[in-house]
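Novice: First the structure, which I've put down as C-alpha cells, then a few questions once you've had a look.
Throughout, read-outs are computed from the coordinates displayed, never taken from laboratory work. Owing to the predicted nature of the structure, the values given are computational and were not obtained by experimental measurement. Every residue, glycine among them, receives a Cβ derived from its backbone with ideal geometry; neighbour counts consider all protein chains shown.
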Amino acid sequence: MSLETTLLPEIQKIISELYASDIDANQIQLQKTKKDFAGDITLVTFPFLKISKKGPEQTGEEIGAKVLEKVDVVSGFNTVKGFLNFEIADNYWLNELARIDAIKDYGIETAKKDLKMVEYSSPNTNKPLHLGHLRNNFLGHSVSRIMEANGSEMVKTQIINDRGIHICKSMLAWQRFGNGETPESSGLKGDKLVGKYYVEFDKALKNESASLLIEWEKGEFGQAEEAIVQEFKKLSAAADEKEDEKARKAIDGKIKELINNQTQIMLDVKEMLLKWEAKDPEVYALWQKMNGWVYEGFDVTYESMGVSFDKLYYESDTYITGKELVENGLSKGTFYQKDDGSVWIDLTDEGLDEKLVLRSDGTAVYMTQDIGTAYQRFKDYSNLNGVVYTVGNEQDYHFKVLFLILKKLGFKWAENCFHLSYGMVDLPTGKMKSREGTVVDADDLIADVVLKAKEMTQERGHIEGMSEEEKEALYHMIGLGGLKYYLLKVDPKKRMMFNPEESVDLNGNTGPFIQYAHARIASLLRKADGIGTINTDLSLEEAERNLIKHLADYPDTVKQAGTDYSPALIANYSFDLVKLYNSFYQSVSIFKEENQDLMTMRLILSRKVGQVIKSAMGMLGIQVPERM
C-alpha cells in the first residue's frame, strides 16, 4: 500500500470532522514534498479555504496538528503558504523496507494480462547496421521488456526490408563491378560487402547523372521522352528565375531527381525490380544469394548487441498481401486509379494529402508492404492487443497515413497501433548517409566501446584472479552496457548527439557508473556472514530514509515508463538510486556498526538496492557484473 493510499482516507476524515463538512476524496491533492522543504509528502490546502474560512497557513496548521495527533505514521509537519508538508515516522519507512524486501519480483507485474507486439530494427538488406539502428534496437528491445514488466505478454518482431529498388541497387552494382567477390574471398562480413556495392551504385549514378546533365544543358536529349524534356526545360527556367536560395535549391533537387531517373543505370535497376517481381530465375537467385550474405552478417551483430526477436516478417512476403488489400480496397472505392495506372488514396479531407500505394507499373511501395505486414500480424496473433512500431521521427507522416489507411480499410485493430517516434542520433561530423558511406558501423562502434571499457577496467578495476575469458566477458558487458545506457537515458522523442568516450566513463550518468555500484554491493554482500530480519523500531539517518523512499517509487516508475514507452525513465531512476546509495554508503558504517539491528537493516537495504539495480538495468537490456 502506498503512502498516499495510507494517508488519504485518514486526512479526508479529519478535514470533514474539523470543518463539519463532507469533502470528496478528489479534493485531496497529495504530492511529493519539494526537495527545498522538510517533509516526505505534501497536502495542498487551497481547496479547503472555503470551508475553513481562514488563510492557507492557518488552515494548514490546524489540519497538520490534527493529523499529527491521530495518524501514527506522521511524525511532524510544517506549512509553507498553501502547502502542508508531513514528515513520516521512521517506523513507517522501516516497515516499508521490510515489505519491499519480501517481494521477490519487486516492481514487476508477473501476471500476464494481454498480448502485445513491438517492432524494431527492421533493416534494409542492402547495408550493414549502423549507429541509428543501435538506438532503434536498444529502444525497441527495452520497451518490450518494460511492457512485459507491466504485465503484457510480448512478441518481439521486425520486418526485414528485403525487396525494392534500394535492394536492387546493390545487386546491380555487384553484377557490374563485383567480379564475383564474396564474403569468403573478400574477408568482409556479408552485410558489409553488400553495403559496399550500395555505395558503388551511388557513385556510378552520380557520374552518369552529371554527364547527362551536361548533355541536356547543351540541348542534347537523345532518346528522352518529350514530356520529360519539357519538364526539364520548365524546371531549368524556373530555377533561373528564382533569387531565393532555398527556393532555387528545392527546384535543383527536382531537376536532380528527374535527371537521376533518366540515367541508364537507374533505368536498368528499375528493370531489375520488375524482373524480380516476375521472379526472373537469374535475378531471383542473385537476390537470394546476396540477402543470405546479409542475414549471416546481421545475426553476428544482433548477438553482439544482445537483442533478439520472436517473429520475423519479410517484405518480400507481405508486399503481396498488401497488393491484394489495395486491389480489394480499389474495388470498394477506398483507393482510386489514375490514368497512368497508379493507385492512390485521397486523405485530403483528413488534413493529409494523396498517397501513392501502387506504382503505374504495378510495383509496390513501402506503404503497400506496411499495410500487408500489419494485416498479417493481426492474422497470425488473433488475440493481439496492440503493435508498437519503433521507427525514427522522420517517418511520423508515414505512420499517420498508414494507420488512417488501415482504419479506412475497416480494421478496428488499427486503433491499437502506435508509432514510437524517436529522434535521430547525430555525430559531431554531421548526419549519417548510408548511400555515401558516411555511417558509423554498428560492429565497429561496439568493438570501439568494448576496447575503451577494457582500457578503463584494466586501469581502474579489480579483476585480479579472473580468467581471460571472464575478463573479456566483463569488458563486453561494460562496453555494451555503457553504449546502451547512453542511447537510452535520453527521452526517446529527443534528437541526441553521440559521444562514445562519455558512454564508458565511470563517473556521471553512465552505464558503468551504475554497473560499478552493483559490483560494489555484490562485494559487500559476499562479506556478510548471513543477514537477519529487520527490526522496525530503529532511528534512520537521512541518507537511509532517502534511499528507502526512492526504492518505494520503483513500481510507479516502471508503470510510468510503460505508459510513456520511455526507457529514459528507468535509466534516470537507476542513476538517482545509485547516487542515493553512494551517499548512504559514504555517510554510515555497515560492518563497523556496533548495533547489530542497524547493521542488518543496512545490509538488507543494500541487498534490495542491488536487486532493483539489476531489475531496472535488465529492462534496459543491460547486464550488471558481480565484480568490476
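Novice: Treating cross-link reach as a plain straight distance, find the aspartates and glutamates whose alpha-carbon is under 19 Å from the alpha-carbon of residue 489, omitting any fewer than eight places away in the same chain.
Specialist: 426, 501, 502, 505, 553, 556, 564, 576
Novice: I need the shape label for the range 144-249. Rule: rounded when a/c is under 1.5, else prolate if a/b > b/c, else oblate, with a, b, c from the alpha carbon gyration tensor.
Specialist: oblate
Novice: Would you list, by chain and number, the aspartates and glutamates whose Cα falls below 20 Å from the Cα of residue 233, excluding same-chain residues fewer than 8 positions away?
Specialist: Cross-link targets: 208, 215, 217, 220, 225, 241, 243, 244, 245, 252, 257.
Novice: Which entries of 203/256; 355/407; 81/579; 246/494 have Cα-Cα distances beyond 21 Å here?
Specialist: Distance filter (> 21 Å) returns 81/579; 246/494.
Novice: Would you mind getting me the FRET efficiency between residue 537 and residue 376? Use the beta-carbon distance for r and R0 = 45 Å, nearest 0.05.
Specialist: Here the calculated transfer efficiency is 0.15.
Novice: What does DSSP give for the chain in terms of the percent of beta bridges that are antiparallel, rounded to the nearest 5?
Specialist: Counting only bridges with both partners in the chain, antiparallel ones make up about 50 percent.
Novice: Further, regarding this structure: Non-local amide H neighbours of residue 392 (under 5 Å, H modeled in plane, Pro and chain starts lacking H): which ones?
Specialist: Long-range HN contacts for residue 392: 422.
Novice: Please go through the range 4-99 and write out the trypsin sites (Lys or Arg not before Pro) that DSSP classes as loop and that have at most 16 other C-beta atoms within 10 Å.
Specialist: Listed in order of number, the matching sites are 34, 35, 53, 54, 81.
Novice: Using a basic spin-label model with each label point 7 Å from the Cα along Cα→Cβ, how many nm lie between residue 560 and residue 175?
Specialist: 5.6 nm
Novice: Can you bin the range 461-560 into rounded, prolate or oblate? Criterion: square roots of the alpha carbon gyration tensor eigenvalues sorted a ≥ b ≥ c, rounded for a/c under 1.5, prolate for a/b above b/c, oblate for the rest.
Specialist: Oblate shape, in that a/c is at least 1.5 and b/c is the bigger or equal ratio.
Novice: At R0 = 22 Å, how high is the FRET efficiency between residue 340 and residue 252 if r is their beta carbon distance? Nearest 0.05 is fine.
Specialist: 0.30
Novice: Follow-up question, since we're still on this one. Under a no-solvent Debye model with one identical scatterer per Cα of the chain, what's log10 I(q)/I(0) at q = 0.05, 0.09, 0.12 Å⁻¹?
Specialist: Log10 of I(q)/I(0), two decimals: -0.33, -0.90, -1.27.
Novice: Separation of the range 199-239 and the range 144-185 by C-alpha centroid, Å?
Specialist: 33 Å
Novice: Here's another thing I want to ask about it. Could you work out how much longer the chain between residue 111 and residue 579 gets when fully extended? Use 0.36 nm per residue separation minus the Cα distance between them, nm to one decimal.
Specialist: 165.3 nm
Novice: Right, next: Note the angle between two axes, namely the Cα long axis of helix 468-488 and the longest principal axis of the Cα atoms of the chain, as a number of degrees from 0 to 90, rounded to the nearest 10.
Specialist: 90 degrees
Novice: From largest to smallest, what semi-axes in whole angstrom does the range 445-619 give when each is the square root of 5 times an eigenvalue of its alpha carbon gyration tensor?
Specialist: Semi-axes (√(5λ), whole Å): 30, 22, 12.
Novice: When 40, 101, 340 are ordered from fewest to most other Cβ atoms inside 10 Å of their Cβ, what list results?
Specialist: Fewest-to-most Cβ neighbours within 10 Å comes out as 340, 101, 40.
Novice: Arrange 186, 209 by Cβ neighbour counts within 10 Å, fewest through most, would you?
Specialist: With the sparsest Cβ surroundings first, the list reads 186, 209.
Novice: Still on this structure: Could you list 120, 295 in order of exposure, starting from the residue whose Cβ has the fewest other Cβ atoms within 10 Å?
Specialist: So the ranking, lowest neighbour count to highest, is 295, 120.
Novice: Here is a follow-up. What's the Kirkwood radius of the range 3-88 in Å, using all Cα pairs?
Specialist: Computed over Cα pairs of the range 3-88, the Kirkwood hydrodynamic radius comes out at 12.5 Å.
Novice: If you don't mind, another one. Between the range 1-60 and the range 514-558, what is the C-alpha centre distance in whole Å?
Specialist: So the two Cα centres are separated by 31 Å.
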